[in-house]
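**Student:** Handing you a structure now.
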Amino acid sequence: MRTDEADAWRYFDVILTNLLNDPSVEGIVSTFHDVTERKMIELNLTELAFRDPLTGLANRSYFRDRVRFSLISANEINRSVGIIYFDLDDFKYVNDTYGHAVGDSTLCAVAERIRRYLRTDDLAARLGGDEFTIMIDNVIDFEQIIPLIDRFVINFHSPVKLGEIEVKISGSIGLALSIPNEDDVDSLLKKADLAMYQAKHSGKGQYVLYDPALEQQ
């Protein structure tokens, strides 16, 4: 039920008892129990179960579940699922120099930048620390995603301004595409992770596309 305030709602459990045949009542009795507080707790718990509490992006568990579902759907139409896997270069320096509060604010700023480039069906997650990942559905080839990554690389080179502090950041990015009816969640994330580490070892601030040759390095 909506209250007097435009966006305020109350939640009720409602029991309807048919007493039409009761001569003393001859009607339907409605019993309302206000369960708004319980409903809010349930909604908050659900949100916590799926979201990273710091950045508001998806958490690792929810991200893996969504990738698993997307792989099933992609396999049915012989398409791929794309994974962009990246972390911030030299993020330890940020924490050591400015403190963890600034570090956390930097991670939140990065998460907000990620949101700007997501399409409706894309999903971004913080896997932990300074590691982030993005899932892209219904992919045909690498060329479909490269323009998005190019924008990410440019964006990450822009400093994060936090009051009087300006934090310089960049990200090393790996990209992998699933092979239809072959890859599962673990193998796909491993491919993207290998590509990301190759990017980091190649000079940071750039991206690398997964290639099977990376498995031999």
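**Student:** For Asp121, project a label point 7 Å along Cα to C-beta. Then give me every residue of region 77-95 with its amide nitrogen under 20 Å of that point.
**Tutor:** Residues 77-85 fall inside that zone.
**Student:** When a/c is below 1.5 the answer is rounded, else prolate if a/b is larger than b/c, else oblate, so apply that to region 85-125 with a ≥ b ≥ c taken from the square roots of the Cα gyration tensor eigenvalues.
**Tutor:** prolate
**Student:** Can you compute the helix-only [θ] at 222 nm over the chain? Use -39500 (n - 2.57) per DSSP H run of at least 4 residues, normalise by all residues, nearest 500 deg cm²/dmol.
**Tutor:** -13000 deg cm²/dmol
**Student:** Over the chain, what is the relative contact order in percent, taking alpha-carbon pairs closer than 8 angstrom and at least six residues apart?
**Tutor:** 19 percent
**Student:** Calculate one ³J(HN,Hα) per residue across region 191-204 by plugging θ = phi - 60° into the Karplus curve 6.51 cos²θ - 1.76 cosθ + 1.60, and present them in order as whole Hz with x for glycine and proline.
**Tutor:** 4, 5, 5, 4, 5, 5, 5, 5, 4, 5, 6, 8, x, 6
**Student:** Mind listing the long-range amide H neighbours of Val35? Cut-off is under 5 Å, sequence gap 5 or more, other chains count too, H placed in the peptide plane at 1.01 Å from N.
**Tutor:** Tyr11, Phe12, Asp13
**Student:** Any idea how far the Cα center of region 122-194 sits from the one of region 57-96, in Å?
**Tutor:** Each part reduced to its Cα centre gives a spacing of 8 Å.
**Student:** Mind listing the phi-derived Karplus ³J(HN,Hα) values for region 65-81, rounded to whole Hz, using 6.51, -1.76 and 1.60 with θ = phi - 60°, and x for any glycine or proline?
**Tutor:** After applying 6.51 cos²θ - 1.76 cosθ + 1.60, I find 4, 5, 5, 4, 5, 5, 5, 4, 5, 5, 4, 5, 10, 6, 10, 10, 10 Hz.
**Student:** Could you order peptides 190-200, 19-29 by the average number of other Cβ atoms within 10 Å of their residues, highest first?
**Tutor:** 190-200, 19-29
**Student:** Considering all alpha-carbon pairs of the chain, what whole percent are spaced by more than 26 angstrom?
**Tutor:** When all Cα pairs of the chain are counted, 49 percent exceed 26 Å.
**Student:** Near the amide H of Gly174, under 5 Å away, which other amide H atoms are found, from residues 5 or more places off or on another chain, if H is placed in the peptide plane?
**Tutor:** Tyr85, Phe86, Met196, Val208
**Student:** Apply 1/(1 + (r/R0)^6) to the Cβ-Cβ distance of Asp184 and Lys39, taking R0 = 41 Å, and write down the FRET efficiency to the nearest 0.05.
**Tutor:** Between Asp184 and Lys39 the formula returns 0.65.
**Student:** Here's something else I'd like to know. What aspartates and glutamates does Lys161 reach when the alpha-carbon gap must be under 16 Å and sequence neighbours fewer than 8 apart in one chain are set aside?
**Tutor:** Asp104, Glu112
Laboratory data are not the source of any read-out in this text; all were calculated from the coordinates shown. Just so we're clear, the structure is a prediction, and the values are computed from it rather than from any experiment. Every residue, glycine as well, gets a Cβ built from its backbone with ideal geometry; the counts of neighbours run over all protein chains shown.
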